[in-house]
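Peer 1: Dropping a structure here in structure tokens format, bear with me for questions.
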Amino acid sequence: MVDGGKMIIERIQIEEGFLNGFDVWPRPGLNVVIGARGTGKTTLIELIRFCLGVDGYTPETTKRSREHALSVLGSGQITLTLLDDGRRITVSRSANDAAPRASGPFLAPIVLSQTEIETVGLQSGGRLRLLDSFIGDQRAALSMETEAIASIRSLTAEANTIRSDIEQLDQQLAEMPSILAQIDQVAPQERQLAALSADTSAKTAHLNELSSTIAVKGVAAEAIQRFGNEVARWRSSLGSSGEMYYEAWPANAGGDPLGELRKRVGNAHEHVRYALQELSVVESATAALASQVAVEKMGWEDQARNLRREIEALQTGAGEIVRRGQLLRERKAHLESLMAVKLSRIASIQAVIARRNQALDALEAMRSARFEARREAATRLNHVLGPRIRIGVMRGGQAEAFASALTEALRGSGLRYNDLVSALAPRISPRELLDAVDNDDFDLIATRGSMTIDRAAKVVVALKDADLGSIATVPVDDYVTFSLMDGPDYKDIAELSTGQRCTVILPLVLRHMERLLIVDQPEDHIDNAFITDTLIKSILVRPANGQLLFSTHNANIPVLGSADFVIQLGSDGRRGFPIAYGALADAPVVHAITSVMEGGAAAFRQRANFYRSQGLA
């Protein structure tokens with residue numbers, strides 16, 4: 001796991017695009033980007049976000065941020081050098097890269113655009129993600145959760161296949177009572193024939209022995225056929241995957257570092273080819289064995305036909321009676337073999353469901369642990385930010401994704417699924433639904449969905465054809481609330497003004513004492529009193545080895561926040577570029593702050609004189 005606590009951006013390089021030639025070395029602590037409007041402050045933030053692959057807090061902001069980055073990067077590339085506990089990691093990305101290209105793993109920073117500060121609290125997913133940023137690096141846990149989900153989906157598909165096999169076997173086994181009844185009907189006629197003469201009795205007894213042999217051979221032939229089908233299916237699935245393609249190492253790139261790995265891939269190909277050859281041999285041998293058993297069965301059947309003719313010669317109609325009895329007993333033996341197959345399939349599905357239940361238990365435990373971590377994080381934040389700001393977490397309060405999956409599954413079923421899903425989704429968990437469909441538990445569906453048993457049965461039938469593995473693993477996320485004390489009462493963030501929402505989000509984000517934090521223009525919609533009383537205090541208590549990167553128009557942030565590094569951006573209309581950068585006390589930086597942020601030195605002196613004349617300085 002990567003420790004992102006001390007990770008900082010050591011260097012920012014941009015090639016081509018609006019900020020072509022940008023090459024700056026930020027420092028630990030507070031880094032502030034200043035400049036007039038249109039000089040590229042937001043562009044720099046969005047390019048850093050793009051390079052590191054940091055999604056927005058909502059799908060809309062993710063899309064907007066990516067489009068902004070691509071529009072100003074053009075055919076160029078941004079490269080960041082990260083420093084993480086002595087490890088130097090290079091991350092690059094161009095418009096053609098689907099994801100960042102990194103020399104090592106890193107923990108993505110917290111990035112907030114100007115728009116997100118204003119709106120992130122209004123989105124349930126945004127609030128959840130903000131809270132999740134306080135529960136540590138979740139990549140290992142998410143990887144384990146992904147594995148559990150894949151296992152559950154695979155096992156559910158396997159269980160459905162076995163269940164379909166059992167249903168088909170049941171359809172055939174339904175014939176057994178009728179076969180037994182017909183055997184009972186023909187038995188007296190067979191006994192009457194056997195009593196006619198010693199010769200008839202002997203031939204009938206011999207025929208019964210042949211019938212038993214023929215039935216056994218028939219059962220064996222069917223078992224061989226099933227085995228051959230499974231071998232063919234497996235060989236086909238292995239063969240359809242094809243071979244891995246890999247390009248040759250460039251001739252001018254030095255020695256091939258993939259040489260040993262390519263050799264191992266080649267060995268794997270050899271193993272797969274050998275397995276396919278073996279399965280092909282087994283398939284051919286199985287077909288030959290099936291032919292051999294079929295020939296043997298035909299020989300016994302010829303003997304049986306001859307005996308039936310001899311019996312018919314002794315007694316008119318006897319051959320038909322004997323033939324009918326033989327066919328009925330052969331069919332009975334076949335059905336008895338299918339019963340054994342069914343019992344085997346039942347054992348298989350029980351084993352698969354047991355394994356799936358273990359995976360479901362593991363998935364539920366992971367999600368419960370995440371909820372506990374969220375609850376603990378909310379408690380810690382409430383202790384620091386309360387009583388003015390309050391954060392709440394409700395287990396499994398977001399059923400939208402589950403409802404959407406149910407809606408898709410029931411689409412085209414003929415049911416009025418919109419009303420049905422809105423009633424059912426909040427009252428049943430995905431796992432309960434899976435069990436109810438598997439076990440035809442119409443009562444549970446009817447009770448939870450407030451519907452009749454008949455309608456519940458139709459729902460179950462419709463869901464049997466759906467991808468239940470996907471539905472059962474849909475996350476029902478926890479629901480997070482942000483509230484602000486307004487007078488004696490708390491107001492939910494949805495009821496707050498834009499400025500009030502910012503006074504909730506900014507203090508929360510700034511509680512990230514260790515993570516690299518990047519914020520675009522945090523001062524919009526908040527007053528200077530909030531900046532000096534809350535924002536600056538939060539900045540000053542952050543550890544010195546952490547890093548903040550702010551873009552801003554407000555001079556209070558770099559000056560009162562004792563910025564460690566300031567970058568002034570300018571623009572000639574075609575591209576943006578650094579005009580000055582350095583420590584807060586450096587002369588070019590002082591000039592930049594007074595001229596760009598304070599309205600010039602004369603305006604600054606005039607305000608200072610005014611404050612002194614009023615006894616405020």
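Peer 1: Restricting to segment 40-93, what's the tally of residues that are surrounded by fewer than 19 Cβ atoms within 10 Å (Cβ to Cβ) and small (G, A, S)?
Peer 2: The qualifying residues number 7.
Peer 1: Taking the stated definitions as given, is D520 buried (at least 20 other Cβ atoms within 10 Å of the Cβ), of a type outside the set (A, V, I, L, M, F, W, C), over 28 Å from A159 (Cα atoms) and within 29 Å of the chain's Cα centre (by Cα)?
Peer 2: Working: buried (at least 20 other Cβ atoms within 10 Å of the Cβ): yes; of a type outside the set (A, V, I, L, M, F, W, C): yes; over 28 Å from A159 (Cα atoms): yes; within 29 Å of the chain's Cα centre (by Cα): no.
So D520 fails the test.
Peer 1: Okay, moving on. Answer yes or no: is there a residue in segment 276-287 that is outside any loop (DSSP other than H, G, I, E, B), surrounded by 15 or more Cβ atoms within 10 Å (Cβ to Cβ) and at pLDDT below 80.
Peer 2: Looking through segment 276-287, none of the residues is outside any loop (DSSP other than H, G, I, E, B), surrounded by 15 or more Cβ atoms within 10 Å (Cβ to Cβ) and at pLDDT below 80.
Peer 1: Another question about this same structure. Do the conditions hold for R455, that is, is it open to solvent by less than 40 Å² (accessible area, probe 1.4 Å) and among the basic types (K, R)? Let's see the steps before the verdict.
Peer 2: Numbers: open to solvent by less than 40 Å² (accessible area, probe 1.4 Å): no; among the basic types (K, R): yes.
For R455, the condition - open to solvent by less than 40 Å² (accessible area, probe 1.4 Å) and among the basic types (K, R) - is not met.
Peer 1: In segment 146-161, how many residues are under 16 Å from the mean Cα position of the chain (by Cα) and either outside any helix (DSSP H, G or I) or free of Cβ contacts under 8 Å to residues at least 24 places away in the same chain (or both)?
Peer 2: Residues flagged as under 16 Å from the mean Cα position of the chain (by Cα) and either outside any helix (DSSP H, G or I) or free of Cβ contacts under 8 Å to residues at least 24 places away in the same chain (or both) within segment 146-161 amount to 3.
Peer 1: If we scan segment 240-254, do we find a residue that is farther than 30 Å from L307 by Cα, part of a helix (DSSP H, G or I), open to solvent by 90 Å² or more (accessible area, probe 1.4 Å) and aliphatic (A, V, I, L, M)? Give the derivation first.
Peer 2: Just the residues of segment 240-254 that are farther than 30 Å from L307 by Cα, to begin with: 240-254.
Still in the list and also part of a helix (DSSP H, G or I): 240.
Those left that are additionally open to solvent by 90 Å² or more (accessible area, probe 1.4 Å): 240.
After this cut, where a residue has to be aliphatic (A, V, I, L, M) as well, the list is none.
No, segment 240-254 has no match at all.
Peer 1: If you check I179 against the conditions, is it at pLDDT 90 or above, crowded, with 16+ Cβ neighbours inside 10 Å and part of a helix (DSSP H, G or I)? Spell out how you get there, then give the answer.
Peer 2: On the way: at pLDDT 90 or above: yes; crowded, with 16+ Cβ neighbours inside 10 Å: yes; part of a helix (DSSP H, G or I): yes.
Yes; evaluated as a whole, the condition is true for this residue.
Peer 1: Under 7 Å between Cβ atoms, at least 6 apart or on separate chains: pull out the pairs that start in segment 89-118 with a residue that is acidic (D, E) and end on any residue that is loosely packed, with under 15 Cβ neighbours inside 10 Å and outside any strand (DSSP E or B).
Peer 2: Going by the 7 Å Cβ cut-off, the qualifying pairs are E118/T498.
Peer 1: A further question follows. Test of understanding: among A563, A494, A544, which residue is touching a residue at least 12 places away in the same chain (Cβ under 8 Å), among the small types (G, A, S), out of contact with any Ser or Thr (no Cβ under 9 Å at 6 or more places or on another chain) and closer than 23 Å to R374 by Cα? Quick ask: steps written out before the conclusion?
Peer 2: Details: A563 fails: closer than 23 Å to R374 by Cα; A544 fails: closer than 23 Å to R374 by Cα.
Criteria check complete, one pass: A494.
Peer 1: Sticking with this structure for a sec: Which of the residues spanning segment 191-207 are crowded, with 18+ Cβ neighbours inside 10 Å and either under 17 Å from W300 (Cβ atoms) or among the charged types (D, E, K, R) (or both)?
Peer 2: The answer is K203, T204, L207.
Peer 1: Filter segment 372-409 for residues that are under 20 Å from the mean Cα position of the chain (by Cα) and of a type in the set (D, E, K, R) and give the result.
Peer 2: Correct list: R374, R395, E400, E408.
Peer 1: When only residues in segment 334-345 that are open to solvent by 50 Å² or more (accessible area, probe 1.4 Å) and hydrophobic (A, V, I, L, M, F, W, C) count, which is nearest to A148 (Cα to Cα)? Lay out the reasoning, then the answer.
Peer 2: Taking segment 334-345 and keeping what is open to solvent by 50 Å² or more (accessible area, probe 1.4 Å), we get 336, 339-340, 343-345.
Retained after the next criterion (residues that are hydrophobic (A, V, I, L, M, F, W, C)): 339-340, 343.
Working: M339: 34, A340: 33, L343: 28 Å.
So, considering only residues that are open to solvent by 50 Å² or more (accessible area, probe 1.4 Å) and hydrophobic (A, V, I, L, M, F, W, C), the one nearest to A148 (Cα to Cα) is L343.
Peer 1: Residue check: is N229 under 30 Å from R345 (Cβ atoms) and either exposed (fewer than 15 other Cβ atoms within 10 Å of the Cβ) or of a type in the set (D, E) (or both)? Step through it out loud before you land on a result.
Peer 2: On the way: under 30 Å from R345 (Cβ atoms): yes; either exposed (fewer than 15 other Cβ atoms within 10 Å of the Cβ) or of a type in the set (D, E) (or both): yes.
Yes, satisfied.
Peer 1: In this structure, is K217 open to solvent by 80 Å² or more (accessible area, probe 1.4 Å) and assigned to a helix (DSSP H, G or I)?
Peer 2: Details: open to solvent by 80 Å² or more (accessible area, probe 1.4 Å): no; assigned to a helix (DSSP H, G or I): yes.
Criteria not met by K217.
Peer 1: How many of the residues making up segment 472-514 are open to solvent by less than 10 Å² (accessible area, probe 1.4 Å) and within 30 Å of R411 (Cβ to Cβ)?
Peer 2: The number of residues fulfilling the criteria is 3.
Peer 1: Return the residues of segment 123-146 that are open to solvent by 30 Å² or more (accessible area, probe 1.4 Å), over 26 Å from F482 (Cα atoms) and touching a helix residue (DSSP H, G or I) at 6+ places or on another chain (Cβ under 9 Å); say none if nothing qualifies.
Peer 2: M144
Peer 1: Here's a follow-up. Give segment 147-159 a look and list any residue that's of a type outside the set (K, R) and either crowded, with 19+ Cβ neighbours inside 10 Å or over 28 Å from A340 (Cα atoms) (or both), or say none. First the steps, then the outcome.
Peer 2: Taking segment 147-159 first, the residues of a type outside the set (K, R) are 147-152, 154-159.
Listed by number, the residues that qualify are E147, A148, I149, A150, S151, I152, L155, T156, A159.
Peer 1: To continue, here is another question. Just to be sure before I move on: is D97 open to solvent by 10 Å² or more (accessible area, probe 1.4 Å) and modelled with pLDDT of 95 or more in the structure I sent? Quick ask: steps written out before the conclusion?
Peer 2: Working: open to solvent by 10 Å² or more (accessible area, probe 1.4 Å): yes; modelled with pLDDT of 95 or more: no.
Against the criterion (open to solvent by 10 Å² or more (accessible area, probe 1.4 Å) and modelled with pLDDT of 95 or more), D97 does not qualify.
For (1) open to solvent by 80 Å² or more (accessible area, probe 1.4 Å); (2) small (G, A, S); (3) in a helix (DSSP H, G or I); (4) within 23 Å of V504 (Cβ to Cβ), each residue gets a yes or a no:
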{"position": "L363", "(1), (2), (3), (4)": "no, no, yes, no"}
{"position": "A369", "(1), (2), (3), (4)": "no, yes, yes, no"}
{"position": "E376", "(1), (2), (3), (4)": "yes, no, yes, yes"}
{"position": "H383", "(1), (2), (3), (4)": "yes, no, yes, yes"}
{"position": "G392", "(1), (2), (3), (4)": "no, yes, no, yes"}
{"position": "A403", "(1), (2), (3), (4)": "no, yes, yes, no"}
{"position": "T407", "(1), (2), (3), (4)": "no, no, yes, no"}
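Peer 1: What number of residues within segment 458-469 are crowded, with 17+ Cβ neighbours inside 10 Å and part of a helix (DSSP H, G or I)?
Peer 2: The initial filter retains those residues of segment 458-469 that are crowded, with 17+ Cβ neighbours inside 10 Å, namely 458-460, 462-463, 466, 468-469.
Now drop any that are not part of a helix (DSSP H, G or I), which leaves 458-460, 462-463, 468-469.
Looking only at that region, the number is 7.
Peer 1: If the requirement is being touching an Asp or Glu at 6+ places or on another chain (Cβ under 6 Å) and either farther than 26 Å from Q326 by Cα or at pLDDT below 85 (or both), which of these qualifies: A232, A202, A198?
Peer 2: On the way: A202 fails: touching an Asp or Glu at 6+ places or on another chain (Cβ under 6 Å); A198 fails: touching an Asp or Glu at 6+ places or on another chain (Cβ under 6 Å).
Being touching an Asp or Glu at 6+ places or on another chain (Cβ under 6 Å) and either farther than 26 Å from Q326 by Cα or at pLDDT below 85 (or both) holds for just one of A232, A202, A198, which is A232.
Peer 1: Tell me the residue from V421, V460, V384, V437 that is in contact with a Ser or Thr (Cβ under 9 Å, 6 or more places away or on another chain) and of a type in the set (A, V, I, L, M), please. Even if it seems obvious, please write down each step before you answer.
Peer 2: Details: V460 fails: in contact with a Ser or Thr (Cβ under 9 Å, 6 or more places away or on another chain); V384 fails: in contact with a Ser or Thr (Cβ under 9 Å, 6 or more places away or on another chain); V437 fails: in contact with a Ser or Thr (Cβ under 9 Å, 6 or more places away or on another chain).
Step by step, each of V421, V460, V384, V437 is checked, and only V421 is in contact with a Ser or Thr (Cβ under 9 Å, 6 or more places away or on another chain) and of a type in the set (A, V, I, L, M).
The values are calculated or read from the model by the stated rules, or taken from the named source; none is laboratory data. Remember, it's a predicted structure, so these values are computed and weren't measured experimentally. As a convention, Cβ positions derive from the backbone with ideal geometry for all residues, glycine included, and neighbour counts pool all protein chains shown. We work out accessible area using only protein heavy atoms, side chains counted, and drop any ligands, DNA or RNA first. Shrake-Rupley method; radii C 1.70, N 1.55, O 1.52, S 1.80 Å.
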